[in-house]
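Inspection log for the structure reproduced underneath, given as structure tokens.
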Amino acid sequence: MGNNQSHIKVKKNVDVVMVGGGHSNVQVIKEISEKFELLDRIETEDIYEKLRCNSDINGVRLTLISDHDTSFYSGMLPGCIAKQYDNEDIQINLVEFCKWANCNFIRQKMVGLDPKNQLIICENDFKIHYDYLSIDIGSTTRGLDIPGVEEYTIPTRPIATLIEKIDKFEKELNFLENNNGKENEQKEKNERKNLKICVVGAGAAGIELSFAFRSRFSFQNLKNEIVLINGSKKPLMDNRGKSLTNNIEEKLKENNITFLSDLKVKSIQCKDNQQDDCNNINQNDDDNDKENYRYLSIQFENREENEDCDLILFATGAAPPSGKIYT
């Protein structure tokens with residue numbers, strides 16, 4: 001985006017740095033690029049050296065630091081899971097976006113922050129000065145400290161990992177549905193004719209993703225059960241009015257989605273002690289074990305009966321990223 005005479009001119013050199021390519025920072029970059037006169041992007045390979053030096057030209061120097069070239073727009077995530085959109089449709093190409101916005105792009109991971117000297121520290125000990133800083137590095141999912149959650153569930157954050165794991169789960173289903181091979185593989189196919197997915201967390205995200213799973217697996221040649229689990233006694237989305245609550249409950253029934261309320265998750269375990277068959281959902285693609293995502297069991301603090309299922313999505317709200325970045 002070229003400079004325009006109508007842009008606001010700044011009478012000093014100002015470094016505005018955005019860390020993280022989430023859609024909040026993307027919107028801020030767009031607004032700044034449209035309203036202020038920006039210094040030209042640094043196109044050369046010595047961008048690191050040039051960013052260390054203060055420019056003698058007045059204006060705003062805009063820089064985005066991200067450890068990924070793309071960012072996912074969360075508002076379109078349920079549609080992507082429901083296969084209304086391809087994965088690429090909900091991604092923002094940060095490199096091309098920065099070119100359009102006249103913003104420097106640095107693919108690095110922020111590992112430290114020196115507020116006193118106004119410095120961002122990246123993995124290779126590269127430091128960049130800022131006058132104004134915006135950090136949008138996303139969040140994690142609440143409840144990851146519950147036993148078994150990290151090992152055996154799919155948390156809703158980060159989005160890239162969420163989509164990747166759901167796609168991998170579906171590939172496992174397709175393998176079992178399409179194979180015509182050995183007797184034991186056919187046995188697994190028969191066991192998979194009743195798929196059960198549990199979504200833990202009945203906020204807006206959990207509700208939307210329950211409907212998305214119903215849509216995604218409706219074409220599969222197997223009976224599938226979707227269970228939405230709420231940790232609260234309160235009605236669904238009760239802060240948005242009774243009319244919305246009634247509408248959601250009606251739609252859940254229409255789509256044959258079971259709703260369970262007032263259940264506190266105590267742990268996630270492998271059913272019937274089948275530890276060898278209940279492999280870590282976070283394993284690499286190179287592990288060609290076709291028994292993933294099976295024999296899972298949710299244990300509750302306030303109910304004796306467990307909830308057994310094939311896949312668990314954890315949509316329990318946002319938590320701050322772990323770790324300390326201050327130096």
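The values are calculated or read from the model by the stated rules, or taken from the named source; none is laboratory data. Keep in mind that this is a model prediction, so the values were computed, not measured. Counting neighbours? That spans all protein chains shown, and the Cβs are built from the backbone with ideal geometry, glycine included. The accessibility values were calculated without ligands, DNA or RNA, using every heavy atom of the protein model including side chains. Shrake-Rupley method; radii C 1.70, N 1.55, O 1.52, S 1.80 Å.
Overview of values
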| read-out | value |
| --- | --- |
| Quotient of C-alpha Rg and 2.2 N^0.38 Å, computed over segment 228-272 | 1.40 |
| Where N is the number of residues in segment 81-146, Cα Rg divided by 2.2 N^0.38 Å | 1.52 |
| Pairwise FRET efficiency - Arg107 versus Asp308, Cβ, R0 = 45 Å, nearest 0.05 | 0.55 |
| Candidate residues Val111, Val19: accessible-area rank, largest first, probe 1.4 Å | Val111, Val19 |
| Per-residue SASA entry for Ser66, accessible area with 1.4 Å probe, Å² rounded to 10 | 10 Å² |
| Lys264, Lys165, ranked by accessible area, largest first (probe 1.4 Å) | Lys264, Lys165 |
| Sequence of Arg240, Arg157, Arg61 from largest to smallest accessible area, 1.4 Å probe | Arg240, Arg157, Arg61 |
| Filtered GluC sites (Glu not before Pro), segment 117-164: DSSP coil and at most 13 other beta carbons within 10 Å | Glu123 |
